[in-house]
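Beneath this line is the structure, given in structure tokens, with notes to follow.
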Amino acid sequence: MDRCVVLVDAGYLLGAAASLLAGEPARSRITVDHAALIQGLRERAEADTQQPLLRIYWFDGAPDRVPQPEHRRLRVMPRVTVRLGALTRSDGRWAQKGVDAAMHAELTELARNRACSDIVLVTGDGDLLPGLMSAKEHGVAVHLWAVQAADGDYNQSEDLVAEADERRVLDRAWITKAVRAKDTGGVCAPPPATRPEIAAILSAPLPEAALAASAERASEATRAAAARGGPPAPDETAPAVEPAVPDTPAAGHKGVPTPKDLAALRAHAPQPDRPQPHQPAGATLRWSSDKGWVERGGGLGEPPETASLPTLAQVTSAEQRWADREEDITTVGGDPFEVGQVFARRWMERLPETVHLQKLSTMYPRIPHRIDGELLRYAARFGLLAHKDDQIDEHDRYAIRAGFWREIDVRAAAEHVPAAE
């Protein structure tokens, strides 16, 4: 048939582009506009072969062959088929497994079935030489494309270059239409808006009242244990120490303050410029890296102010759910900070009442448990899970929540502008 097919080894194309633009083959050093790249490949193939395009096959590796965000975007583009091999880590380096074999099988099958008259190969791997020779024997013209080498030398197998019918080089000018090097001098995502109260709590010295209270609790627990005739229980002497906010070391005392110490300190450090959530008498607060301040006193179940907040699923219609899925596939890149922003934006736009937004804003830094769980489940769709234990990395979780709160801050500030005027 008089049409062309393009077979792309994504590892070669993007790795060579990263070497050319960023000085090293790490794909994390470049940003790719996949829509522009696919369009450029199609136009170049049709111009070089003088044949209409049948299809572009995109061969790439992925951990456990699970499609990553870029693969999900690519496979819904017109005339694009994604084939995934395994991505494994060995000696500290990532390596593709099965990609060359899949390209070889597709190349020979297309030629044997006479599905096209011209095949464009974007690869540098000499393992495809037998498949290239087989395609030529079936009467298919093979075009070999190379990415301009960073050092001016070849970055393809010499045998592969010698056997191809036509050869082209994708130079820097062509590559930069869809690929650019990342600016590593700055931060990938803007820092969240300053929230002073938690940093002030953790950096201030413990008051004498809090220290005296801790000593008194310990002595009471000892007396109670002596009355029972046994040693004090571990949770009677002092509450378990849970991790504080990362990279925010406490100052003015050694070690990490206990949750009850933090609660007492919070009571002694009011924030006049920001309304504080109501704390029932006798409530015990616990600091968690996942949930922030959590009330453990009072009744069972969720606090009323948290339970009244709707989840995103509750305020999303079937039509919106479909549109969200399309947006996730085509435009959301999967950066943790961006994922948090997208989730927060959708939730705020669909709230039936603005009072929910005002209520959530007063809960910083704690995202209500139901909403936080929904946020992390949403983030897991973008390949952010660590494959060992199916948990999102701690750093990514903080970035996801930082993106969520940044979007909440922007909207909350906009809501208050008319009132201030």
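Bear in mind that the values in this text are calculations on the coordinates, not laboratory data. Every value quoted in this text rests on a predicted model; they were computed, and no experiment measured them. Positions of Cβ are generated from backbone atoms using ideal geometry, with glycine treated the same way; all protein chains shown enter the neighbour counts.
Projecting the Cα positions of Leu129, Leu110, Ala95 onto the charge dipole of segment 86-137 (unit charges on Cβ atoms of Lys, Arg, Asp and Glu, taken about the Cα centre) puts Ala95 furthest along the positive direction.
Three principal axis extents describe the C-alpha atoms of segment 47-129; from largest down they are 44, 30, 22 Å.
Extents of segment 313-420, largest first, come to 49, 32, 22 Å (Cα atoms, principal axes, whole angstrom). Scaled against 2.2 N^0.38 Å for its residue count N, the alpha carbon radius of gyration of segment 4-181 is 0.96. Does segment 307-364 come out rounded, prolate or oblate by the C-alpha gyration tensor, with a ≥ b ≥ c the root eigenvalues, rounded set by a/c under 1.5 and, if not, prolate when a/b is larger than b/c and oblate if not? Since a/c reaches 1.5 but b/c is at least a/b, the shape of segment 307-364 is classed as oblate. All other residues whose Cβ lies under 12 angstrom from that of Thr49 are scored, Lys and Arg at +1 and Asp and Glu at -1, for a net of -3. Sorted ascending by nearby beta carbons within 10 Å, beginning with the fewest, Arg167, Arg370 become Arg167, Arg370. Add +1 for every Lys or Arg and -1 for every Asp or Glu among the other residues with Cβ under 12 Å from the Cβ of Glu349, and state the total. Local net charge: +2.
Suppose every K and R has +1 on its Cβ and every D and E has -1 on its Cβ; what is the size of the dipole of segment 4-181 about the Cα centre, in Debye to the nearest 20? Could you put the intermediate results ahead of the total?
Values: 22 positive and 25 negative charges, 176 e Å.
Using Cβ point charges on Lys, Arg, Asp and Glu, segment 4-181 gives about 840 debye.
The residues packed around Lys136, meaning those with a beta-carbon under 11 Å from its beta-carbon, carry a net charge of -3 if Lys and Arg are +1 and Asp and Glu are -1.
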